[in-house]
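One structure is given below, encoded as structure tokens.
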Amino acid sequence: MYDVTIIGNGNLGFNFSIALEKAQDFKLLQWYGRNWKNKNFNNKSINKLSEIKKADLFIIAVSDDSISDILNYINKQYFVIHCSGATPIDVFHDFERGGVIFPVQTITKQIDFSFKNIPFCIESKKTSDLKILKKLVKNLHGTFKCLDSNQRANVHLSAVWINNFVNHMISKGKKICIENNISFSLMEPILKKTVDQAISQNPDKVQTGPALRNDINTLKLHSSLIKNSDDKSLYKIITKSIQKNYEK
């Protein structure tokens, strides 16, 4: 049984804490967070890094920019891992043991959230510690790929394009519907088909729309409908990107 301390009580830290309560080979020892809501604070919760005890594994689940600062408070002999897609394993240059367990998924604070079948990118400084990370993922009922820091950074970059950016575009589309008194449910079938096609087929082969067809009049109409100058510029940039992608 491995005693685990979680550093961070955001979305990921919260879900790790729930999952570890059900794990067979890992047990939550402490859970650090700077700010706590009363309902989440319990006898394993701490709000001072000076209260950290020795543990078999430390999981740092904080923002990328905060990882280095947190490491200053942890004993260099401990086994510490972070959950960042963009932070290289070199951040543990002063540590004997270090690793990464990056979940390729959007994580939110849901009571019914599960790590089941979620892919994790894992990496460690020592081969022996990689076995521990594999066991942790199995306890979470996820899957894993052993990738180096550069590969993981590119996984993260790809995820930003297909998740964060796409969600931002959906938000803009929904705003257009709301502003024009149109039910967003009208867009749900095309949204679902877009995602299904992107998964089952090559996205380059199923691209459609006025940019691809170079429908000048339609593109001008859309531009006139967009009042926000930033959105208008974004529309033009994406249009040009699509057209350039299909230049012969």
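Any read-out appearing in this document is the output of simple, stated calculations on the displayed coordinates, not a laboratory observation. Source: prediction; values computed, not measured. Quick reminder, even Gly has a Cβ in these numbers, built from the backbone with ideal geometry, and neighbours come from all protein chains shown.
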Within the chain, excluding any GluC sites (Glu not before Pro) found in a DSSP loop (not H, G, I, E or B) and having at most 16 other Cβ atoms within 10 Å, the longest uninterrupted segment runs 97-246
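Taking 0.36 nm per residue of sequence separation and subtracting the Cα-Cα distance, how much length would be gained by fully extending the chain between Met187 and Gln207, in nm to one decimal?
Between Met187 and Gln207, full extension yields an extra 5.5 nm.
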Taking the chain and counting helices only, DSSP H stretches of n ≥ 4 at -39,500 (n - 2.57) each over all residues, the nearest-500 ellipticity at 222 nm comes to -12000 deg cm²/dmol
As straight-line cross-link partners of Lys227, the qualifying aspartates and glutamates (C-alpha separation under 16 Å, not fewer than 8 residues apart within one chain) are Glu179
Measuring from the longest principal axis of the C-alpha atoms of the chain, the long axis of helix 216-225 (C-alpha) lies at a number of degrees, nearest 10, equal to 60
Contact order relative to length for the chain, counting C-alpha pairs under 8 Å separated by 6 or more residues, stands in percent at 13
Rounded to the nearest 0.05, FRET efficiency between Ser224 and Gln151 (Cβ-Cβ, R0 45 Å) equals 0.55
Among Thr5, Phe184, Asn139, the residue whose Cα sits farthest towards the positive end of the charge dipole of the chain (+1 at Cβ of Lys and Arg, -1 at Cβ of Asp and Glu, taken about the Cα centre) is Phe184
Projecting the Cα atoms of Ser114, Val206, Pro88 onto the charge dipole of the chain, where Lys and Arg contribute +1 and Asp and Glu -1 at Cβ, the residue farthest towards the positive end is Val206
Filtering trypsin sites (Lys or Arg not before Pro) in segment 43-109 by DSSP loop and by at most 16 other Cβ atoms within 10 Å leaves Lys44, Lys48, Lys53, Lys54, Lys76, Lys109
Phi-derived 3J(HN,Hα) across segment 55-70 with the Karplus relation (6.51, -1.76, 1.60, θ = phi - 60°), rounded Hz, x for Gly and Pro, is 9, 6, 8, 10, 9, 8, 10, 10, 5, 3, 5, 9, 4, 4, 5, 4
Taking N as the number of residues in the chain, the ratio of its alpha carbon radius of gyration to 2.2 N^0.38 Å works out to 1.25
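Please give the FRET efficiency for Ile162 paired with Lys134, using the beta carbon to beta carbon distance and R0 = 22 Å, rounded to the nearest 0.05.
For Ile162 and Lys134, the calculated efficiency is 0.25.
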Ser50 and Thr194 label points (each 7 Å along its Cα→Cβ direction) are spaced in nm at 5.2
The set of residues whose placed amide H lies less than 5 Å from the amide H of Ile60, leaving out same-chain residues fewer than 5 positions away, is Ile7, Ile81, His82, Cys83
In the chain the DSSP beta bridges are antiparallel at a rate, in percent to nearest 5, of 20
Ordered by fewest other Cβ atoms within 10 Å, a rough proxy for footprinting exposure, Cys177, Cys83 read Cys177, Cys83
Contour minus Cα-Cα span, Phe113 to His141, at 0.36 nm per residue, comes to 8.8 nm
Counting sequence-distant residues (5 or more places) and residues on other chains, those with an amide H built under 5 Å from that of Phe144 are Phe120
